[in-house]
Amino acid sequence: MKPYLFFIPVFLLFFASCKKPDYKKILHDPALYSRTVHELNGVVMGNNFSPVVASRNYAYATIAGYEVIAAGYPAQYKSLVGQLNGFAKVAKPAAHGDIDYEYASILAFCKVGEAVTFPEGSLKYYTDSLHKLAVDHGMPADMISNSESYAVAVAKSVMAWSKKDHYLQTRTAPKFAINDSVGRWVPTPPGYSEAVEPHWGEIRTMVMHNAKEYTVPPPPAFNVTDKESKYYKEVVSIENAGNNLTKDQTHMADFWDDNPQKFNVAGHIVFLTKKFSPPGHWLSIVGIGAKKTNADFNTTVCAYAKTAIALFDAFIESWSAKYFYKTVRPETVIDKYFDPAWRPHLQTPPFPEYTCGHCTISAAAAEALTSVLGDNVAYSDTSELEFGIKNRSFKSFRDAADETAWARFYGGIHFHNSCIVSTQYGKVVGDSVAVKLIMKK
């Protein structure tokens, strides 16, 4: 062996010791936070969570991530303690010991996301990979330890608060009673599934005082005999639209379908196809918007948290109305009184028609997201590419929310009046979140 070969390991060791740590470049990248949210999206989708329950998963996880940033940058960000209903305390960082707050923020998000969604360990492979990134890119060992400990402490604080939101009590609450009376919701084909989350209006809100703070007006009175009645005209309008969809209207409906569990029936075989639910789609939009506006790490974390809080409250507001009015779906009405062969373009979801949940939460999300990233942020939404649906482009987040109202109508699952009213009240909920929460100082 030639003598100079002995110097190669020594040279490599010297080179490695002189290499500057670049963990900040890697772990402070806002794109990493967005990838982390997408990772939780996949867990939520894989475990068949309904859209309303998914909104709870995202809200608590994003709040945990935000609280770490608020603690690390108190001159720029304000804690949500005392601002969100029942959120009285959160763990503080230790007086001594360096913490990388961006790394801790991602970990806190993962810890809560995993704890709320279960099964335990569903994100361990991901957090292990984050730990390896920190090590490989030169974060000091004591900083890694301190950051990980603080992330766990914040996650425990948020989880303790989450357990008092009445969610566990609703797991054993009575099911929705099926009553085939005139105008009342009944299960729809092909799954004929039972009503989803009939007690969601009992969940503790975050910013709204309660689920009924913004009481929506009643829907048009059920009437399929008077051709001049508002209800009759609503039915005929959606039936005609469904029978004459254009290519763009079909794409619009498919793009905003966001059905997390679509039933597929082929003979005696029944299987599900999965996509991100409406809140998952909107969190994807947050990431797209953050990238489009070149938002830094902390602004990105703030945008996710504020949007997720708006989604959470908006679902409670909408579900409270749904199970108060208990209105029948267009598919049921048209099949029974107009055309038994009629089917909506989209699969009818298993809960009452009024109000439109997607319209409500989309309008709320758009208001909250606009308050962080700004208005007139033009972007192309690539969220559905992984499900084989091509992009759609929008002039702003509000523009996207307005389109969901038409998408649900063209999809044949919501009357036009429901879409309009729901969008209006979703904006009210989102605006309340945007105005009442003081996050970025």
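Within the range 172-188, track down each residue that is part of a loop (DSSP other than H, G, I, E, B) and either surrounded by 14 or more Cβ atoms within 10 Å (Cβ to Cβ) or in contact with a Cys (Cβ under 9 Å, 6 or more places away or on another chain) (or both).
176, 183, 185, 186, 187, 188
When you scan the range 130-171, how many residues do you find that are open to solvent by 30 Å² or more (accessible area, probe 1.4 Å), in contact with a helix residue (DSSP H, G or I) (Cβ under 9 Å, 6 or more places away or on another chain) and part of a helix (DSSP H, G or I)?
Number of matching residues: 14.
Considering only residues of the range 322-372 that are among the acidic types (Asp, Glu) and outside any loop (DSSP other than H, G, I, E, B), which is farthest from residue 184 (Cα to Cα)?
Top of the filtered list is 367.
Please go through the range 72-85 and give me each residue that is of a type in the set (Gly, Ala, Ser), surrounded by fewer than 16 Cβ atoms within 10 Å (Cβ to Cβ) and farther than 20 Å from residue 435 by Cβ, ordered by number.
Within the range 72-85, just 75 meets the criteria.
Residues in the range 197-209: is at least one charged (D, E, K, R) and not in a loop (DSSP other than H, G, I, E, B)?
Yes - at least one qualifying residue is present in the range 197-209.
Checking residue 91 against (1) touching a Lys or Arg at 6+ places or on another chain (Cβ under 9 Å); (2) surrounded by 15 or more Cβ atoms within 10 Å (Cβ to Cβ); (3) not in a loop (DSSP other than H, G, I, E, B), which single condition isn't satisfied?
Failed condition: (3).
For the range 410-420, how many residues meet the condition of being open to solvent by 10 Å² or more (accessible area, probe 1.4 Å) and under 18 Å from residue 332 (Cβ atoms)?
Selection size over the range 410-420: 3.
If you take the residues of the range 229-267 that are part of a strand (DSSP E or B) and in contact with a strand residue (DSSP E or B) (Cβ under 6 Å, 6 or more places away or on another chain), which of them is farthest from residue 54 (Cα to Cα)?
The selected residue is 264.
Among (1) crowded, with 16+ Cβ neighbours inside 10 Å; (2) part of a helix (DSSP H, G or I); (3) touching a residue at least 24 places away in the same chain (Cβ under 8 Å), which single condition is residue 122 missing?
(2)
Does any residue in the range 182-196 that is within 16 Å of residue 219 (Cβ to Cβ) come within less than 8 Å, Cβ to Cβ, of a residue that is of a type in the set (Gly, Ala, Ser) and buried (at least 18 other Cβ atoms within 10 Å of the Cβ) six or more places away or on a different chain, and which pairs are these?
185/195
In the range 62-115, what count of residues is obtained for those that are free of Cβ contacts under 8 Å to residues at least 60 places away in the same chain, within 24 Å of residue 209 (Cα to Cα) and within 18 Å of the chain's Cα centre (by Cα)?
0
List every residue pair whose Cβ atoms lie under 7 Å apart, where the two residues are 6 or more positions apart in sequence or sit on different chains, the first residue falls within the range 146-158 and is closer than 14 Å to residue 72 by Cα, and the second residue, located anywhere, is among the small types (Gly, Ala, Ser) and part of a helix (DSSP H, G or I).
147/104; 150/104; 151/104; 151/108; 154/64; 154/108
Mind telling me which of the residues 292, 227, 274 ends up being surrounded by fewer than 18 Cβ atoms within 10 Å (Cβ to Cβ) and in contact with a helix residue (DSSP H, G or I) (Cβ under 6 Å, 6 or more places away or on another chain)?
274
Among the residues of the range 373-399, which ones are among the acidic types (Asp, Glu) and either within 18 Å of the chain's Cα centre (by Cα) or not in a loop (DSSP other than H, G, I, E, B) (or both)?
Once the filter is applied, which keeps residues that are among the acidic types (Asp, Glu) and either within 18 Å of the chain's Cα centre (by Cα) or not in a loop (DSSP other than H, G, I, E, B) (or both), the range 373-399 yields 381, 384, 386, 399.
Can you pull out the helices (runs of 4 or more DSSP H) entirely within the range 1-59 that have at least 1 residues that are among the hydroxyl-bearing types (Ser, Thr, Tyr), modelled with pLDDT of 90 or more and open to solvent by less than 80 Å² (accessible area, probe 1.4 Å)?
So the answer is 23-27, 30-46.
Which of the residues spanning the range 189-208 are at positive phi and open to solvent by 90 Å² or more (accessible area, probe 1.4 Å)?
192
Surrounded by fewer than 17 Cβ atoms within 10 Å (Cβ to Cβ) and either β-branched (Val, Ile, Thr) or over 29 Å from residue 81 (Cβ atoms) (or both): does that describe residue 248?
It is true that residue 248 is surrounded by fewer than 17 Cβ atoms within 10 Å (Cβ to Cβ) and either β-branched (Val, Ile, Thr) or over 29 Å from residue 81 (Cβ atoms) (or both).
For every residue, the table says whether it meets (1) free of Cβ contacts under 8 Å to residues at least 40 places away in the same chain; (2) surrounded by 23 or more Cβ atoms within 10 Å (Cβ to Cβ).
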| position | (1), (2) |
| --- | --- |
| 352 | no, yes |
| 361 | no, yes |
| 374 | no, no |
| 386 | yes, no |
| 395 | yes, no |
| 408 | no, yes |
| 422 | no, yes |
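Identify, by number, the condition in (1) open to solvent by less than 30 Å² (accessible area, probe 1.4 Å); (2) within 19 Å of the chain's Cα centre (by Cα); (3) on the phi < 0 side of the Ramachandran plot that residue 235 doesn't meet.
Result: residue 235 fails condition (2) only.
The values are calculated or read from the model by the stated rules, or taken from the named source; none is laboratory data. Computed from a prediction, not measured in an experiment: that's the story for all the values here. Quick reminder, even Gly has a Cβ in these numbers, built from the backbone with ideal geometry, and neighbours come from all protein chains shown. Only protein heavy atoms, including side chains, enter the accessible area calculation; ligands, DNA and RNA are left aside. Shrake-Rupley method; radii C 1.70, N 1.55, O 1.52, S 1.80 Å.
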